[in-house]
Amino acid sequence: MSGPGGGRWTAADARERFDHWSSTYEQSLFWKHYFVPLHEMMVARAGDVGGLSVLDLGCGTGDLLRRFARAGASRLVGADVSEGMLEVARGLSRDLDYIEYVHTSAESVPVGAGEFDLVTTCIAFHHFPDPAGALKDAVRALKPGGRLMLCDLDGAGLPGRIFLAFGRWKRADERYFDTGSISRMLAEAGFADVSAERVRLFPPTMLAEAIVQKGQTLLHNAD
Ligand SMILES: C[S@@+](CC[C@H](N)C(=O)[O-])C[C@H]1O[C@@H](n2cnc3c(N)ncnc32)[C@H](O)[C@@H]1O
């Protein structure tokens, strides 16, 4: 995967792009008509989050975490490579100061093993330089029985291929999975009860969900 300088795309390249975008991120029509409905859908799908701990990978401006906080989650951590996005997130979360924001790449979040009930990621996974590593780390961060909700662009079918081609032309790091490939990756990372479905036609978007079983947590924690 090539970055702007022709080398491998890194978290630093994504950081630069999102630092630039951060101040206007929540002002676009795309925000209002795409990201907000996805966040609403994820919170609705999560069900009762009262008292749960939530880790959001690639949290951006923190909107999803604020929604989980208002739904009753008691410990919330957002991880992102962009300080610009995190600065906006911290500002918007002033009245919810128990949400913690961490500047880090998704595959090396500095949290202990088995700390979270729910790990989420929304329209960020396709930027992660090491997607399999991020899933493995999510297994590590989750408690036995903990759940992952992964929402991202879906590269399947004609709309997916068009989006993927456009994304690759504009930004070298974009690599979209589809419901089949993401399900396989989740199973390989050690998740069980994997399901994945398309939740939106345009842009083509999928939601994958999976659970960590006790044995898997122990396996990864021993790595
Ligand atoms: C399109 S934004 C989505 C933000 C947020 N999840 C939302 O739904 O509004 C993608 C986010 O992923 C972050 N990101 C990109 N690569 C990352 C990485 N390797 N680790 C953590 N975050 C990353 C970006 O900085 C950006 O904030």
Task: Failed condition for ILE162, given (1) at pLDDT 95 or above; (2) among the β-branched types (Val, Ile, Thr); (3) more than 24 Å from ARG67 (Cα to Cα) - done: (1)
Task: Qualifying residues in the stretch 18-45 (those that are out of contact with any helix residue (DSSP H, G or I) (no Cβ under 9 Å at 6 or more places or on another chain) and either near the ligand (Cβ under 10 Å from one of its atoms) or at positive phi (or both)) - the one modelled with the lowest pLDDT - done: PHE30
- [ ] Would you mind telling me which numbered condition in (1) modelled with pLDDT of 85 or more; (2) surrounded by 13 or more Cβ atoms within 10 Å (Cβ to Cβ); (3) out of contact with any Phe, Trp or Tyr (no Cβ under 9 Å at 6 or more places or on another chain) HIS220 fails?
- [x] (1)
- [ ] Sort out which residues of the stretch 100-125 are more than 10 Å from the ligand (Cβ to nearest atom), of a type outside the set (Asp, Glu) and farther than 30 Å from ARG198 by Cβ, and write them in order of number.
- [x] TYR101, PRO110, VAL111, GLY112, ALA113, GLY114
- [ ] Being surrounded by fewer than 17 Cβ atoms within 10 Å (Cβ to Cβ) and small (Gly, Ala, Ser) is the filter; apply it to the stretch 133-171 and report the residue that is nearest to the ligand (Cβ to nearest atom).
- [x] GLY133
- [ ] Test each condition in (1) more than 10 Å from the chain's Cα centre (by Cα); (2) buried (at least 18 other Cβ atoms within 10 Å of the Cβ); (3) under 18 Å from ASP80 (Cα atoms) for ASP130 and report the one that comes out false.
- [x] (2)
Open item on the list: Please go through (1) more than 8 Å from the ligand (Cβ to nearest atom); (2) assigned to a helix (DSSP H, G or I); (3) under 27 Å from ARG140 (Cβ atoms); (4) modelled with pLDDT of 95 or more for ALA12 and return the number of the only condition it doesn't satisfy.
Closed with: (4)
Open item on the list: For the stretch 85-120, which positions are more than 24 Å from ALA208 (Cα to Cα) and in a helix (DSSP H, G or I)?
Closed with: MET85, LEU86, GLU87, VAL88, ALA89, ARG90, GLY91, LEU92, ARG94, ASP95, LEU96
Open item on the list: Any residue that is under 22 Å from LEU64 (Cα atoms), modelled with pLDDT of 95 or more and within 15 Å of the chain's Cα centre (by Cα) - is there at least one of those in the stretch 171-179?
Closed with: no
- [ ] Considering each residue of the stretch 121-148, count those that are among the hydrophobic types (A, V, I, L, M, F, W, C) and assigned to a strand (DSSP E or B), and give that number.
- [x] 3
Task: Failed condition for CYS59, given (1) near the ligand (Cβ under 9 Å from one of its atoms); (2) assigned to a helix (DSSP H, G or I); (3) within 30 Å of GLY114 (Cβ to Cβ) - done: (2)
Task: Cβ-Cβ under 6 Å pairs, at least 6 apart or on other chains, the stretch 118-130 side farther than 17 Å from MET41 by Cβ and touching a residue at least 60 places away in the same chain (Cβ under 8 Å), far side near the ligand (Cβ under 8 Å from one of its atoms) and assigned to a loop (DSSP other than H, G, I, E, B) - done: HIS127/ASP173
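The values are calculated or read from the model by the stated rules, or taken from the named source; none is laboratory data. Remember, predicted model here, so these are calculated numbers, not experimental data. For neighbour counting, all protein chains shown are included, and Cβ atoms are generated from backbone atoms with ideal geometry for every residue, glycine included.
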